[in-house]
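FYI, it's all coordinate maths here, none of it is from the lab. These numbers come from a predicted model, not from an experiment. Cβ placement follows ideal geometry from the backbone for every residue including glycine, while neighbour counts extend to all protein chains displayed.
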Amino acid sequence: MKNVSILQKIAKFLAILLVFIAPVSFCQGYSLDYMANPDPDYNALYAVQVLDNNTAFAVGSGGIILKLSGGTWSVVPSSAPNKYFTGISAVSATDALIIGQNGYITRYDGSSCTQQAIGTSVTLSDIKRGSSKVYVCGPSGMFWFSTNNGTTWTQIMTGVYDVDFGNMFIDASGNVWLVAKKNAYPYDAKLYLYNGSSLVEKATITGLSINQGVGSIYSPDGNIFYLPSPIGIYTYDKAADVLSTLSTSGYSVVCGLSASNIIFSSISSGDISSYNGVSSWQNIGNIADVYDISASGPSNIIFVGYSGVIYHLDMTTGLNDQLTTASSFNVYPNPAQGDVTLDFNVDLQKDASVELYNSLGQKIVIVIDSDIVHLSVADLPRGLYYIRVSIGENSETKKILLN
């Protein structure tokens, strides 16, 4: 048995090595950093939650709990009966609720972990906190809530037992949106709304196989919901009660920063893409086997996944380079609504360029003209943008607000 254990460790090490040497690439100007994982067993990480620039949690197989403090990850001793954790909801560095196998809730108070049984032996799928309630969901239509921050739990009798609940999203009104997968043929994916008293089916996605489903759910406004799946990305419009296909490319995880900054990740291909909420897509890189993404802003995005890999992405790097001492152009009006004028104080050369970026560093427009350039910005989402002028080896960047 000892030799088998050694072989297993060698095999796991080789799998880790393959992950580390696999291509990991991002667009120029973004900053991607591998973060050291102190877990000696390289357990897979299934969920991550970023609270701010200094604090985050990640959980996964082997009962692993990791905590990020001041840029360094450490292992939180859990003594958990769980064989693996599947989700986490943290509101501070000293208040985290973690779910996983065998129906246990693990509470971390900043110094130690305690476990309690929720009243089932199944593997729980997701946990989310609203303003007054905590919700947990699982397979076979299982759904619970707590009004005392997870001390006691009440089961919600949903009446749907042929679906396995996956991920949840709580909107500003306190409604809970759940994605689910039928556990018998046909293996459709479902979108449900729980309004505090009843569960209502809102949409169905067909054409999925037994091992496919909607990986996660996000809405920037409580009206448009993004639903990534291996056969495409779907959107549900609550006001119109319409399900639409946004993309036929398969993705598994969605992380929203705002209505105009939405990130999708594919477990199968490793592609990381961003969507501006209107019509523009940009492939921003590739990380293999990402299981979850969380962010506190465009400069602080964390990816976790297979064999404990952790990456940090800053999508604002490179936007504020000021390489000229004197201003080479003026931009007006600022703030702007319709058209923007760029008035240059230097002669534009053949190798000059004018580029417009959103707050994620995604290039929106490239224009070259005379000493006065007019940009039409009426159709762009509102928010902060950057105009970068490059002339030869020098460049200057200025901020502009669209309102």
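Near the amide H of residue 64, within less than 5 Å, lie the amide hydrogens of 85, all on another chain or at least 5 residues away, with H placed in the peptide plane. Counting Lys and Arg as +1 and Asp and Glu as -1 over every other residue whose Cβ lies under 15 Å from the Cβ of residue 65, the net charge comes to -2. Other residues whose C-beta falls under 15 angstrom from the C-beta of residue 207 contribute a net charge of +2, scoring Lys and Arg +1 and Asp and Glu -1.
Extending 7 Å from Cα along the Cβ direction at residue 54 and again at residue 221 yields two label points whose distance is 3.6 nm. Taking 21 Å as the limit for the C-alpha separation, the pairs 83/181; 182/202; 83/133 exceed it in the case of 83/181; 83/133. Less than 5 angstrom separates the built amide H of residue 329 from those of 345, all sequence-distant by 5 or more or on a different chain. Applied to the stretch 83-89, the Karplus parametrisation 6.51 cos²θ - 1.76 cosθ + 1.60 on θ = phi - 60° returns per-residue 3J(HN,Hα) values of 7, 7, 9, 10, x, 8, 10 Hz, with x for Gly and Pro. Amide H contacts of residue 140 (H built 1.01 Å from N, in plane; Pro and chain starts excluded): 163, 164, 165 sit under 5 Å, all sequence-distant by 5 or more or on other chains.
With a ≥ b ≥ c taken as the square roots of the eigenvalues of the C-alpha gyration tensor of the stretch 93-155, please select rounded if a/c is under 1.5 and otherwise prolate if a/b is larger than b/c or oblate if it is not? Oblate, since a/c reaches 1.5 and b/c is not below a/b.
Taking the average, over residues, of other Cβ atoms within 10 Å as the packing measure, peptides 40-47, 287-294 rank 287-294, 40-47 from highest down. Protection proxy ranking of 213-224, 261-272, by the mean of other Cβ atoms within 10 Å over each peptide's residues and highest first, is 261-272, 213-224. In a fully extended conformation the segment linking residue 259 and residue 92 would gain 57.6 nm over its present Cα-Cα distance, using 0.36 nm per residue. Rounded to 0.05, the FRET efficiency of the residue 154 and residue 241 pair, given R0 = 30 Å and the Cβ-Cβ distance, is 0.50. A simple count of charges around residue 386, restricted to other residues whose Cβ falls under 9 Å of its Cβ and scoring Lys, Arg +1 and Asp, Glu -1, yields +2.
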